[in-house]
4 protein chains.
Amino acid sequence: MPLRILVWNEFVHEKTDDAVRARYPDGIHACIARALAEHPLLAGAEIRTATLDDPDGGVSDAVLSDTDVLVWWGHMAHHLVPDDAAERVADHVRRGMGLVALHSAHFAKPFRLLMGTSCTLKWRDGDRERIWTVQPGHPIAAGVPEHFELAEEEMYGEPFDIPAPDELVFLSWFAGGEVMRSGCVLWRGRGKVFYFRPGHETNPTYHDPNVRRILGNAAAYVAPTSWSGPFEAPKAEALEPKR
Amino acid sequence: MPLRILVWNEFVHEKTDDAVRARYPDGIHACIARALAEHPLLAGAEIRTATLDDPDGGVSDAVLSDTDVLVWWGHMAHHLVPDDAAERVADHVRRGMGLVALHSAHFAKPFRLLMGTSCTLKWRDGDRERIWTVQPGHPIAAGVPEHFELAEEEMYGEPFDIPAPDELVFLSWFAGGEVMRSGCVLWRGRGKVFYFRPGHETNPTYHDPNVRRILGNAAAYVAPTSWSGPFEAPKAEALEPKR
Amino acid sequence: MPLRILVWNEFVHEKTDDAVRARYPDGIHACIARALAEHPLLAGAEIRTATLDDPDGGVSDAVLSDTDVLVWWGHMAHHLVPDDAAERVADHVRRGMGLVALHSAHFAKPFRLLMGTSCTLKWRDGDRERIWTVQPGHPIAAGVPEHFELAEEEMYGEPFDIPAPDELVFLSWFAGGEVMRSGCVLWRGRGKVFYFRPGHETNPTYHDPNVRRILGNAAAYVAPTSWSGPFEAPKAEALEPKR
Amino acid sequence: MPLRILVWNEFVHEKTDDAVRARYPDGIHACIARALAEHPLLAGAEIRTATLDDPDGGVSDAVLSDTDVLVWWGHMAHHLVPDDAAERVADHVRRGMGLVALHSAHFAKPFRLLMGTSCTLKWRDGDRERIWTVQPGHPIAAGVPEHFELAEEEMYGEPFDIPAPDELVFLSWFAGGEVMRSGCVLWRGRGKVFYFRPGHETNPTYHDPNVRRILGNAAAYVAPTSWSGPFEAPKAEALEPKR
C-alpha cells in the first residue's frame with residue numbers, strides 16, 4: 001500500500017498578505033506537497049492537502065484514518081483549530097500516525113497536547129540562520145550537508161520548552177546571537193513526531209533544496225510501522241499459574 | 001528555606017472500604033507523609049497533606065505556590081479532579097515544582113496532561129512483584145537493594161504508553177508473567193516528574209521500608225533548583241549587530 | 001546498491017559440542033543468514049558469513065568496507081578476537097556501519113569498546129523467557145506480538161551495565177524471577193547498534209519465527225544512511241567575518 | 001563524610017607558555033580548586049589537586065579510591081597519560097566516581113574510553129562564545145543566567161561525535177558561525193560524567209563567575225550516591241522455584 005501523506009496548512013496568510021502570496025501563490029501546503037512528491041524516498045506516495053476551511057478543520061476522523069503521515073503548518077490561526085480536531089490529531093499520532101510539525105506549529109494545539117509542556121521559545125523576525133547537523137547518521141540528515149544557510153528567516157531561540165527530544169538531529173545558529181534545537185524527533189505513543197524549525201511565511205524557506213530534502217526524509221522517517229498488539233490496555237489474565 | 005512538600009490523596013477508598021481503612025487508618029497521604037518525615041534527606045522539610053475535598057481540590061494556586069514537591073495518589077476519583085485544578089498542577093510542574101506520581105496516578109489528569117500520551121497499561125489485581133534496580137547510580141536508588149519484593153500488589157504491565165523516560169530507575173517483575181518500567185523520571189519544563197508504580201490501596205505497600213526509602217529519595221530528587229532566567233518567552237532584541 | 005550484510009560467528013561451540021551442533025549443524029551464522037534471507041525487508045540484500053578462523057578474524061578492513069550491517073555472535077572465544085580486529089569493527093560502526101550484537105556479544109570486544117562500560121549482567125543457564133514489546137511503534141517491533149515466549153533460554157538479568165539505551169524496544173521476563181532490557185538501540189558515531197538478548201547456543205532460539213523477524217527488522221533498521229559531511233573534524237575557518 | 005574532590009591538570013602549558021602562566025600562575029588546577037572551594041554547594045568538601053607528574057600520573061588506585069569527584073583538564077599531553085592510568089579512571093567512574101571533563105578533555109583517554117566514539121569536533125582558536133541554557137530546571141544550571149558570554153574562547157563546533165547526552169544542559173553560539181552542545185551529562189555505569197566545553201588555556205575562562213558557578217554545580221551533581229548492590233555480576237541462583 002502506498003504511503004498516504006496529508007499536508008495541512010491553516011492557509012490564512014496567503015489569502016491576506018501579498019508578500020506571503022508572492023512566496024507561495026498556491027499556499028504553503030502546495031509548495032510542501034510538491035517537495036514531497038519530488039523526494040526519491042516518497043516515490044509512489046499518495047500526497048494530499050487540507051486546510052482549516054475544510055470540513056472538520058480538514059482533519060476529520062475519516063481523513064486521519066486514511067493518513068499515515070501528517071505535515072502541519074499553522075501560525076496565526078492556532079486558536080481557530082477546534083479543540084476536538086486537535087484531540088483527534090493527537091490521538092491518531094498516539095495510535096501510530098507520523099507528524100511533521102513545522103515552524104510556528106510549536107504552538108499548534110495538537111503539538112502542545114503531545115508535548116505536555118508550554119512549548120514557548122524566543123523569537124524575532126528578520127534574521128539569518130545556519131543549520132548544523134548534529135546526528136550525521138540520522139536518516140533525516142541523509143544527503144544534507146554539514147551545515148547550510150537560510151538567508152532570511154525568523155529567529156526562534158532557546159530555551160525552547162519541550163521535553164528533551166528522543167533524537168536531536170539539527171541545531172540552528174542565528175546571526176542575531178541565538179541557538180535553537182531545530183530538528184527534533186519525539187516518539188509519542190506508537191507515533192513519531194518530527195519538529196522542524198524553519199518556515200516563516202514571508203521567507204522562501206520551503207523552496208530551499210536542503211529544506212525540501214529534510215521534509216521528505218522526515219516524512220519517510222515518521223511513517224508508521226505495523227505492530228500487531230492491541231492499543232487499548234485490557235485487564236489481563238495471568239500468563240503464569242498462581243503459586 | 002526548608003523544602004515544602006505536599007502529599008495529595010483523593011482520600012475516597014479509605015472512607016468507603018474497610019480493607020483499605022485497615023491498611024491506612026488516617027489515609028494513604030498520612031502514611032506517605034510520615035515516610036517522608038522519617039527520611040534522612042528530608043530532615044527539616046515542611047510536609048503537609050491535602051485531599052480532593054479541600055478547597056479548589058486541595059491544589060489552589062496559593063497552595064501550589066507554597067509547594068516545592070507534590071506527591072499525588074489518586075485512583076477512583078480521577079474524574080472528580082476539576083480540569084482547572086489539573087491544569088494548575090501541570091503548570092506548576094512546568095515552572096519547576098517536582099511531582100511524584102504514584103501507582104494509579106498514571107491516569108491522573110495532571111500526569112496525562114504532562115505526558116501527552118494515553119498512559120494506558122495492563123493491569124490485574126492480586127499479584128506478587130519484584131522490583132529491580134536498573135540504574136544503580138541513580139540518587140533515587142540510593143540505599144535500595146538490587147531487588148526487593150512486594151508480596152501483594154496489583155500488577156501493572158507493559159506496554160505502558162508514556163514517552164520514553166528520561167531516566168529509567170526500576171523495572172518490575174510479576175509472578176503472573178508481566179514486566180513494567182516502574183520507576184521513571186520524566187523532565188517536563190523546569191520540573192521533574194517521578195512515576196513510581198507500586199501502591200495499591202488494599203496492599204500494605206507504603207509501609208514497606210524500601211518503598212518508603214524510594215519515596216523520600218524521589219521527593220529529594222525532584223526538588224526544584226533556582227534558575228535565574230524568565231519563564232515566559234519574550235520577543236527578543238538581537239544580541240548581535242545587524243550585518 | 002543492495003544492502004550488504006555480514007553475519008559473523010566465532011564458530012567454536014558448534015565444532016566441539018554435539019548438543020550445539022544438533023541445533024545448528026552449519027553453525028549459528030548459517031541459521032541467522034537464512035533468517036535474514038527470508039525476511040521481506042531484506043529482499044535483494046547480499047548476505048555473507050564470516051568466522052573467527054577467517055583471515056584477520058573474519059573482519060579485515062576490506063571485508064568491513066564492503067559491509068553495511070554486521071551481525072555478531074560470540075561467547076567462549078571473545079578473548080581470541082584480536083584487539084585490532086575489535087578496533088576495526090568499532091571504527092567502522094562509528095563511521096556508519098550498523099551492528100546487531102547478539103546474546104553473549106554483550107561481552108564481545110567491539111561491543112564493549114562502543115559502550116564504554118563494563119557490560120556486566122546476571123546470568124543463569126536453563127530458564128524460560130517471555131519477551132515484551134515496550135515501544136510498539138518501533139520498526140524493530142514491526143509484526144512482533146505484544147509478547148512471546150522462548151521455552152528454553154539462558155537467563156540474563158539486570159542490572160545490565162550499559163549506558164541508557166537511546167531506544168528501548170523489548171524487555172524480558174524470566175520464570176526464575178529476573179528482568180532484562182533485552183532489545184536496545186544505541187547510536188554510536190554515525191552507526192547504530194542493536195543489542196538483542198536471546199540466543200544461547202544450546203537452545204533453538206534462532207529457529208523461532210519471532211526472533212527471526214526481529215533479526216531482520218533490526219538489520220534493516222541499523223542500515224546506514226548517507227550523510228554528505230566529512231568524518232574527520234578539521235580545523236575550521238570562520239564562517240562569519242570577524243567583528 | 002565530606003565530599004572528596006580531586007582536580008587534575010596535565011600542568012604543561014603553564015610551565016612552558018608565558019601567556020598561559022599569566023592567566024593561571026599556579027596552574028589551571030589551582031584556579032579551578034579555588035572556584036570549587038568558594039561554591040556554596042561544596043562547603044566542607046575536601047578539595048585536592050593532582051598533575052601528570054605525580055606518581056602514577058596523579059591517579060593511582062589509592063588516590064582514586066579516596067575521590068568522589070574527579071575534575072579533568074588536559075590538552076597537549078593526552079598521549080602522555082599512561083594507558084593504565086586512563087583505564088583506572090574509567091573504571092572508577094563506572095563504579096560510581098563522578099567526572100567533570102573540561103574543554104580539550106573531549107580527547108582525553110579516560111573520556112574516550114567512557115564514550116566509545118571518536119569524540120572529534122570542529123575547532124578554531126580565537127572566537128567569542130555565548131552559552132545558552134537549554135534545560136533551565138537542571139541543577140547544573142542553578143543560578144546561571146539564560147545566556148552569558150565569554151569574550152575570548154577557542155571555538156569547538158558540531159558535529160561533536162559523542163553518544164547522545166543523557167542530559168543536554170547548555171548550547172554554545174560562536175561569533176564565527178558554529179554551534180556546540182557544550183554542557184552534557186552522560187551516565188556511565190554507576191558514575192555520572194559532565195562534559196563542559198569552555199576553558200582554553202590562553203583565555204581567562206576559569207576566572208569567569210558563571211563558569212565557576214557551573215563548575216561547582218557540576219561537581220555537586222555528579223557526586224556519587226550509595227547503592228547497596230554488588231558491582232560484579234554473579235552467576236545467580238533462581239529467585240523462583242522451577243516449574
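Just a few scattered comments:
- Scanning the range C:109-121 for residues that are crowded, with 24+ Cβ neighbours inside 10 Å and in contact with an Asp or Glu (Cβ under 9 Å, 6 or more places away or on another chain) gives C:P110, C:M115.
- Single condition C:R128 does not satisfy, out of (1) assigned to a strand (DSSP E or B); (2) under 19 Å from C:A101 (Cα atoms): (2)
- Odd one out for D:R23 among (1) free of Cβ contacts under 8 Å to residues at least 60 places away in the same chain; (2) farther than 30 Å from C:G96 by Cβ: (1)
Listed here are the residues, each with its yes/no results for (1) farther than 30 Å from C:S118 by Cβ; (2) touching a Leu at 6+ places or on another chain (Cβ under 6 Å).
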{"site": "D:G126", "(1), (2)": "yes, no"}
{"site": "D:E154", "(1), (2)": "yes, no"}
{"site": "D:F196", "(1), (2)": "no, yes"}
{"site": "D:K235", "(1), (2)": "no, no"}
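- Checked against the criterion of being in contact with a Pro (Cβ under 6 Å, 6 or more places away or on another chain), modelled with pLDDT under 95 and more than 11 Å from chain C (Cβ to nearest Cβ), the range D:195-206 has no qualifying residue.
- Residue-level check: of (1) surrounded by 22 or more Cβ atoms within 10 Å (Cβ to Cβ); (2) over 13 Å from the mean Cα position of the chain (by Cα); (3) more than 13 Å from every other protein chain (Cβ to nearest Cβ), D:L70 misses just (2).
- Residue that is surrounded by the most Cβ atoms within 10 Å (Cβ to Cβ), among those in the range A:7-20 that are free of Cβ contacts under 8 Å to residues at least 60 places away in the same chain and of a type outside the set (S, T, Y): A:F11
- Scanning the range C:5-23 for residues that are more than 18 Å from the chain's Cα centre (by Cα) and not hydrophobic (A, V, I, L, M, F, W, C), we see that the one that is nearest to A:S226 (Cα to Cα) is C:R23.
- Pairs, first on the phi > 0 side of the Ramachandran plot in the range C:138-165, second at pLDDT below 95, C-beta under 7 Å, six or more apart: C:G143/A:S226; C:G143/A:S228
- Failed criterion for A:D26 (all others in (1) under 16 Å from the mean Cα position of the chain (by Cα); (2) within 22 Å of A:T205 (Cα to Cα) hold): (1)
- All conditions in (1) at pLDDT 95 or above; (2) away from chain A (no Cβ under 14 Å); (3) surrounded by fewer than 23 Cβ atoms within 10 Å (Cβ to Cβ) hold for C:R124, with the sole exception of (1).
- Residue identified as closer than 27 Å to C:G27 by Cα, within 13 Å of another protein chain (Cβ to nearest Cβ) and modelled with pLDDT of 95 or more among C:E178, C:E158, C:E154, C:E167: C:E154
- Residues (surrounded by fewer than 13 Cβ atoms within 10 Å (Cβ to Cβ) and in a helix (DSSP H, G or I)) located in the range C:25-45: C:P40
- Members of the range C:76-108 found to be in contact with a His (Cβ under 7 Å, 6 or more places away or on another chain), away from chain D (no Cβ under 14 Å) and either buried (at least 21 other Cβ atoms within 10 Å of the Cβ) or basic (K, R) (or both), listed by number: C:H103
- Among the conditions (1) within 14 Å of chain C (Cβ to nearest Cβ); (2) in contact with a helix residue (DSSP H, G or I) (Cβ under 9 Å, 6 or more places away or on another chain); (3) not in a loop (DSSP other than H, G, I, E, B), A:P145 misses just one, which is (3).
- Restricting A:A86, A:A105, A:A101 to those that are touching a residue at least 60 places away in the same chain (Cβ under 8 Å), within 16 Å of the chain's Cα centre (by Cα) and in a helix (DSSP H, G or I) reduces the list to A:A105.
- Among the residues listed as C:K235, C:K242, the single one being more than 7 Å from every other protein chain (Cβ to nearest Cβ) and without any contact (Cβ under 8 Å) to a residue 24 or more places away in the chain: C:K242
- Qualifying position, being within 25 Å of A:L168 (Cα to Cα) and surrounded by 22 or more Cβ atoms within 10 Å (Cβ to Cβ), among D:R213, D:R188: D:R188
- Criterion violated by D:F111 - all others in (1) more than 9 Å from chain C (Cβ to nearest Cβ); (2) on the phi > 0 side of the Ramachandran plot satisfied: (2)
- Options A:A218, A:A233; residue that is of a type in the set (G, A, S), at pLDDT below 95 and in contact with a strand residue (DSSP E or B) (Cβ under 7 Å, 6 or more places away or on another chain): A:A233
- All of C:G137, C:G177 fail the test of being surrounded by fewer than 24 Cβ atoms within 10 Å (Cβ to Cβ) and in a loop (DSSP other than H, G, I, E, B), apart from C:G177.
- Positions within the range A:148-170 being assigned to a strand (DSSP E or B) and among the small types (G, A, S), in sequence order: A:A151, A:G157
- Filter result for D:V185 (modelled with pLDDT of 95 or more, within 14 Å of chain C (Cβ to nearest Cβ) and under 21 Å from D:A37 (Cα atoms)): no
The values are calculated or read from the model by the stated rules, or taken from the named source; none is laboratory data. As the structure is a computational prediction, the values presented were derived from the model and not from experiment. We place every Cβ from the backbone using ideal geometry, glycine too, and count neighbours over all the protein chains shown.
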